[in-house]
Every structure is written in structure tokens, then in C-alpha cells.
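Below is one structure, written out as C-alpha cells, with a few remarks after it.
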Amino acid sequence: MLFFAFLSVSYAQAPAYVSVNEKGTVWGNDILLGSIANISCQDPQRYEQLVHMNLGYLGRPGTKRVLSDYVLRLKIRASGVDTSNISWSIPKEVTVVRASQTLTGQRLGEIAEEAVKKQVLASGEKRKWKLKILGTPRDMVLPPGKLTFETDLPFGVRYSAPTLVYIYIKVKGQPEGRAICRVQLDVYGDVVTAAHFVKANEVLTMQDLRVVSKPINNNGTLYITDPQQAIGRFSYYPLEPGEILRDDILAKPIIIKIGSRIYIRAQQGPIVAQAEGIAQSNGRKDEYIKVKNVRTGAILSGKVIDSHTVEVDMSD
């Protein structure tokens, strides 16, 4: 019994030498003595105790803390580890930094662009397109270790608004945060634009139009792509130079006014008949309007051919 007791006391009091460095790096939340000091001890058990002596909490990756020798000695005493028979060398100040790595906003943007690119290619988009990040995300300071990413486009790829990309970041397989990126998808198409300033209600000619490749940012169904679709029509409001023409802002001018004297033309086979008529409403080219036959008084429906002719279908 006395023999084992003697061994126990000798074991606990094995001498140790601790030289604390002026700078140290820790890899987790806790400041461990082994991360900031050189420790020498012949006793493996005591050596491990000293290495894992907890001297406080450091916080987020990249955090820096400066400890005076006085504060450090207080923390050593409060650690609960036996400090007898230890030779200490402690500088006036110790700077402790928690290890970290920086995930740059540029890299996050690249990951977001790649996620959107993958979806656009999968959609079969045939038009020319380009991506750009709207506002570079902030850099993220993370713990050291292998980075892996998962991306999600919660609303899918959007043409008329920025596409949101959620990036979930893991370090050594553990979740460490999320970044949100906004990616603009610009789809280019050959569209008809105003060659110069055009007044409202001014009938468009070829000289007023120009075909250029521009970002259209939607499925393109409303944009005018052929100048012939715009010639002879007018815009409800003034057009600025370079403004893209859309089908919903253009109208054909009224070429037959209500009460106008017109010719009613009808054709059945090789036989063409014509009679005088009166327009019962305003009419644009290719529109159907009501007309009155002056001789018979009959009200007929016909297609506006030009400013003085309405054609009725005799097959009805």
C-alpha cells in the first residue's frame, strides 16, 4: 500500500517545463496550453493534462485575443490542473489567434454562376446568354478544413428578375453557414429598336427602325423581331433611340373613319361585285368592321383592305 502511494505522489509531482510563446494559434473554440506553449515532461499522463489545459474561450474563427502574463497565470491557476513542480516561462503578453480560412465573395459568386449555368444549359436555351453577379457577396471567415458546397435555386432560373442562389457551406462535412447570391441572366436576341426619337402616334417606316442584338430578359414573345411587323404601325407613346419595340405598344392607324364613304367588295369564284357603302365604325387595316350597303340598306361585316375598300365574305 505504501509502495503504491509513493508511486502515486511521485507520478503527480513529475517535473515539467513550460515555455509559453508570444504568439499562438488554436484550432477550436478553446485556448489550450499545448497550442501556445512548448511543454516538456517525462510523465505521459501529466504531459497530456498540461497539453489540454483549458485557458478560456476564443470564439469565431479568425478571432484574436491578447492575454497579459497576469491574466494568463490566473487562468492557469483556475484550470484545475496540478501546477506543482513546473518551471514556467511566460512573456509579458501572449497573442492568441483562432485558425481560420477565408471563403471569398468572388468564389461564392463563381459557385452561384456555375449553378445557374447548369440549369440554363439543362433547359435547352438556344439564344445567346450571359450571367453576372449582382453585388459581390461578403467574404466568409470559416474554420480550417476541406470545404464542400450545396446549391439551391428555390425559385428556379428567372428571366425577368434576378435568380436567387442559396449556397450551403460545410467544413469537413459540418454545416458552417449559408450565402445568398443574386445572379442576373441576360438573354440576347435580334430585336427591332427605334433608330431615333419617334413621336407618339407617328406611323413607322423602315427608316425609323433598326435590328440589333440586345438583352431581352424574358421569353421574347412580345418583342418585335421583324421590321415588317412594325412598318405602318405607330406607338402609343414616344420612342427613345434604341428602345425595343414590343407588340403590345404598337397599333395600326385608323384608315377608315366612321361615316366614311367606302366601296364594299365581294368575290365569289371568278365573279367580283362592288357596291357603295358607309362605314359604321372606325377601322384599321385587316380589322373587321360593320358597313352599310347604300343601295339595299343591309348591314354587313367586312375586312378593311385599304382606306376606301372593305371586303365581305360571300361564302357565309
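The values are calculated or read from the model by the stated rules, or taken from the named source; none is laboratory data. Please read these numbers as outputs of a predicted model, since none were measured by experiment. Cβ atoms come from the backbone with ideal geometry, glycine included; neighbour counts cover every protein chain shown. We work out accessible area using only protein heavy atoms, side chains counted, and drop any ligands, DNA or RNA first. Shrake-Rupley method; radii C 1.70, N 1.55, O 1.52, S 1.80 Å.
Please report, in cubic angstrom per residue, the volume enclosed by the convex hull of the alpha-carbon atoms of the range 216-286. Could the numbers behind the result be given before it?
On the way: hull volume 10.2 nm³, N = 71.
With only Cα atoms used, the range 216-286 gives 144 Å³ per residue.
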Spin-label pair Asn85/Ala298, simplified geometry with 7 Å Cα→Cβ offset, distance in nm:
12.7
Heavy-atom accessible area of Lys214 with all protein chains present, probe 1.4 Å, nearest 10 Å²?
60
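What part of the accessible area of the range 241-316, given as a whole %, is carbon or sulfur when the probe is 1.4 angstrom?
Numbers: 2340 of 4690 Å².
Carbon with sulfur: 50 percent of the solvent-accessible area.
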For Thr63, Thr296, what's the largest-to-smallest order of accessible area, 1.4 Å probe?
Thr296, Thr63
Where Thr148, Thr136, Thr309, Thr225 fall by accessible area, highest first, once all protein chains stay in place (1.4 Å):
Thr136, Thr225, Thr148, Thr309
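Using a 1.4 Å probe and counting only protein heavy atoms, arrange Asp247, Asp306 so the residue with the most accessible area comes first.
Result, largest first: Asp247, Asp306.
In percent, what relative contact order does the range 190-243 have, based on Cα pairs under 8 Å that are 6 or more apart in sequence?
On the way: 95 pairs, mean separation 30.3, N = 54.
56 percent.
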Ignoring everything but the protein chains, give the 1.4 Å probe accessible area of Leu50 in square angstrom, nearest 10.
0
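What's the FRET efficiency of Thr102 with Ser260 using the Cβ-Cβ distance as r and R₀ = 45 Å, to the nearest 0.05?
0.05
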Counting only heavy atoms of protein chains, what accessible area per residue, in Å², does the range 184-296 have with a probe of 1.4 Å?
57
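Between Rg and the Kirkwood Rh of the range 11-134, both from Cα atoms, what is the Rg to Rh ratio?
On the way: Rg = 24.1 Å, Rh = 17.8 Å.
Across the range 11-134, the Cα-based Rg/Rh ratio is 1.36.
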With P(r) over Cα pairs in 10 Å bins from 0, in percent defined as stated, name the option among [x] 6, 28, 34, 23, 8, 1, 0; [y] 5, 24, 31, 23, 13, 3, 0; [z] 5, 15, 13, 12, 11, 9, 8, 7, 6, 5, 4, 3, 1, 0 computed from the structure displayed.
[z]
Going Cα to Cα from Lys172, which aspartates and glutamates come in below 17 Å? Please leave out same-chain ones fewer than 8 positions away.
Glu150
Virtual spin-label span in nm between Val212 and Tyr166, 7 Å along Cα→Cβ:
4.0
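Can you compute the helix-only [θ] at 222 nm over the chain? Use -39500 (n - 2.57) per DSSP H run of at least 4 residues, normalise by all residues, nearest 500 deg cm²/dmol.
Details: 5 runs with 52 residues, N = 316.
Helix-only estimate at 222 nm: -5000 deg cm²/dmol.
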Separation of alpha-carbon centers, the range 208-273 and the range 147-166, rounded to whole Å
39
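Under the 0.36 nm per residue contour assumption, what length would be gained going from the current alpha-carbon distance of Ser307 and Leu74 to full extension? The partial results should precede the final answer.
Working: separation 233, 0.36 × 233 = 83.88 nm, distance 10.14 nm.
Length gained between Ser307 and Leu74: 73.7 nm.
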